[in-house]
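Just below is one structure, and these are the notes that go with it.
The values are calculated or read from the model by the stated rules, or taken from the named source; none is laboratory data. Because the structure is predicted, anything quoted here is derived from the model rather than measured. Reconstructed Cβ throughout: ideal geometry from the backbone, glycine too, with neighbour counts over all protein chains shown. Areas reflect the complete protein model, heavy atoms only, side chains present, ligands, DNA and RNA absent. Shrake-Rupley method; radii C 1.70, N 1.55, O 1.52, S 1.80 Å.
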Amino acid sequence: MYVGEERAAKKRIKEILAAIENKDKEAMKALFSKKALAEVNDFDEGVDYLFDFFQGDVQSWEIDAWSSGESIERGKKSIMLRVWYIVTTDKEKYMFFVIDYIKDTMNPDNAGLYTLRVIKAEDEETEFGYWQDMVIPGIYKPEQ
């Protein structure tokens, strides 16, 4: 992981966790790109689901895996970071998956979080798949 990408990934998880811990909808919304917010059906519903789903006080987090993709066109650049995190609270162990456009001068509305998927670590086999299958705008909420 390049220094800039690692720094961005660490900064982003801290921002996500702070928004969850403070149950701050506006802070959470501010992390997402204009594109993601425009494409998601009901962002607030996703936030409400996440705030209810995530239990406990964060004890630790780590980057589990990551990959990135870069596009360059006519001097403009887009960098998409895909990061899997393990987050442990005093009540539960979670896995987070994010798609984050850490830079996008090709399409500035794309800059920011696109996807946030949070699951219990024990559900990794059923709730996580190929990253390409997990690309959804906004916050993942399982079908009821």
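Please go through region 1-44 and write out the chymotrypsin sites (Phe, Trp or Tyr not before Pro) that DSSP classes as loop and that have at most 16 other C-beta atoms within 10 Å.
Tyr2
Where the only charges are on Cβ atoms (+1 Lys, Arg; -1 Asp, Glu), what is the dipole of the chain about its Cα centre, to the nearest 20 debye?
780
Taking N as the number of residues in the chain, what value does Rg over Cα atoms divided by 2.2 N^0.38 Å take?
1.00
Got the relative contact order for the chain handy, in percent, Cα pairs under 8 Å and 6 or more residues apart?
23
Work out the charge dipole of region 32-144 with +1 on the Cβ of Lys and Arg and -1 on the Cβ of Asp and Glu about the Cα centre, then indicate which of Phe53, Phe32, Met80 is farthest towards its positive end.
Toward the positive end, the furthest listed residue is Met80.
Largest first, what is the accessible-area ranking of Asp109, Asp52 with a 1.4 Å probe?
Result of the area sort, largest leading: Asp52, Asp109.
Given Cβ point charges of +1 (Lys, Arg) and -1 (Asp, Glu) and nothing else, what value in debye, to the nearest 20, does the dipole of region 90-143 about its Cα centre take?
About 200 debye.
List the trypsin sites (Lys or Arg not before Pro) within region 11-52 that DSSP assigns to loop and that have no more than 14 neighbouring Cβ atoms inside 10 Å.
In loop regions of region 11-52 (DSSP not H, G, I, E or B), the sparsely surrounded trypsin sites (Lys or Arg not before Pro) are Lys23.
How about region 1-69: which GluC sites (Glu not before Pro) there are in a DSSP loop, with at most 13 other Cβ atoms within 10 Å of their Cβ?
Within region 1-69, no GluC sites (Glu not before Pro) qualify (loop, at most 13 other Cβ atoms within 10 Å).
Running a GNM on the chain with Cα contacts under 10 Å, which residue among Trp61, Trp131, Trp84 ends up with the highest mean-square fluctuation?
Comparing Trp61, Trp131, Trp84 in a Gaussian network model of the chain, the most mobile one is Trp131.
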